[in-house]
Amino acid sequence: MLMNFDFNPTTRVLYGEESIEQVADLARNLDAGRVLLVTDPGLVKAGHAANTSSLLNKSGFDVVVFKAVHENPTTAQVEAGVRFASSQGPIDSIIALGGGSVMDCAKGINLLLTNGGELQDYEGKGKAKKELLPAIGIPTTAGTGSEAQSFALIADDKTHRKAAYGDIKIRFDAVILDPLLLLSVPPAVRAVTGMDAISHAIESFVSKKRNALSQMFSREAWRLLEANYEVTLDQPDNIAALGAMLLGAHFAGAAIENAMLGAAHACANPLTARFGITHGIAVGLMLPHVIKFNGQAVNGDYARLLEPLSLIRRQEFSGASQLAERVFELRKRCGRAERLRDFDIREDDLPELAADAAQQWTGGFNPRPVAKPEMLQLYRQAF
């Protein structure tokens, strides 16, 4: 029996080489007016921010640039963006140019510019009372797929707890997926963001909230990502592979929007908050162990992910064990560190990490129930 679902698409998606050239047309269709471009220092250095601004300026748009976004955005970064925007006069629209951190920060800025208050006022779902500014998302990494989601994940600057701020109004009105923007991404960043996208495809495919539509996105995302992840690392100028990764990450983001995630992300967030482990690496460390753990409940679903890839060698090894093995192989491209102990994490740190992981909202969507004992088991397996 198919599970019930409610699918509410609202975002226009433009995909293709040089599709960035259409940014002004999109802005005009949205009556964008005066634009706040949210980006990061790396994209300023690479020239992408200047190019985007130039395309908009040539079409008569006035652009102001907030370029102070850094990895794992915090409430303080969002507040800084709001102060900057407010100091520049009226803002009519927002364009986010960057990775997931930029996307999430731009969403937070949009929330506060239009609805006021503090970001913490909007934790959860559906708290925005007023309409948000028109917004365009232009991802420059194949990672979070945040451009496809109505949630922003932002850490509290004081407690370091990462919270989700969700509202249908927060979605981007339009998204540009241009593979050429990925050419400037360093190999190490490609490896880490790609692993994050892979984890999204796999976790959303088996989450408790999964449905026929979300699994369609998840499965196609996994097919594109698994086939092209290593190619983009070995052939950094392969535009076709970069495009497949970008589209795969977007599909995985769309799957998250309709299905959420699971225990690998619940375990990863405390590793990032407490030990500064980059999110893609953290989730990659935990994902194979979570796959094996979940195999008892969703082994058939894992086998379905393997079938179109001709990865099944013998029936007794299909499903969770073989998928975990493939993820182990892919994860090695993120670096030499294979265990939690490689990051100066001590065994006596694990119970506290498990307590934190048990409080993470994504764990509630894991196909097998997880509380502190199960989280501790997973951390010990990864240790």
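The values are calculated or read from the model by the stated rules, or taken from the named source; none is laboratory data. Given the structure is predicted, the values throughout are model-derived calculations rather than measurements. Positions of Cβ are generated from backbone atoms using ideal geometry, with glycine treated the same way; all protein chains shown enter the neighbour counts.
Among the residues of the stretch 353-370, the ones that are surrounded by 13 or more Cβ atoms within 10 Å (Cβ to Cβ) and either more than 23 Å from the chain's Cα centre (by Cα) or part of a helix (DSSP H, G or I) (or both) come to 11 in all.
Return yes when Val231 is in a helix (DSSP H, G or I), touching a helix residue (DSSP H, G or I) at 6+ places or on another chain (Cβ under 9 Å), without any contact (Cβ under 8 Å) to a residue 12 or more places away in the chain and not assigned by TED's automatic domain parsing to the domain that holds Leu111 and no when it is not. Against the criterion (in a helix (DSSP H, G or I), touching a helix residue (DSSP H, G or I) at 6+ places or on another chain (Cβ under 9 Å), without any contact (Cβ under 8 Å) to a residue 12 or more places away in the chain and not assigned by TED's automatic domain parsing to the domain that holds Leu111), Val231 qualifies.
Each residue in the stretch 92-108 was checked for being over 18 Å from the mean Cα position of the chain (by Cα) and either buried (at least 20 other Cβ atoms within 10 Å of the Cβ) or at positive phi (or both), and 2 of them qualify. Does Arg346 satisfy the criteria of being among the charged types (D, E, K, R), under 22 Å from the mean Cα position of the chain (by Cα), surrounded by fewer than 22 Cβ atoms within 10 Å (Cβ to Cβ) and farther than 17 Å from Lys208 by Cβ? Criteria not met by Arg346. Here Thr39 fulfils each of the conditions (1) more than 22 Å from the chain's Cα centre (by Cα); (2) buried (at least 24 other Cβ atoms within 10 Å of the Cβ); (3) among the polar types (S, T, N, Q) apart from (1). Confirm whether Ser19 is without any contact (Cβ under 8 Å) to a residue 40 or more places away in the chain, touching a Leu at 6+ places or on another chain (Cβ under 8 Å), under 16 Å from Thr140 (Cα atoms) and surrounded by 14 or more Cβ atoms within 10 Å (Cβ to Cβ). Answer is no for this residue.
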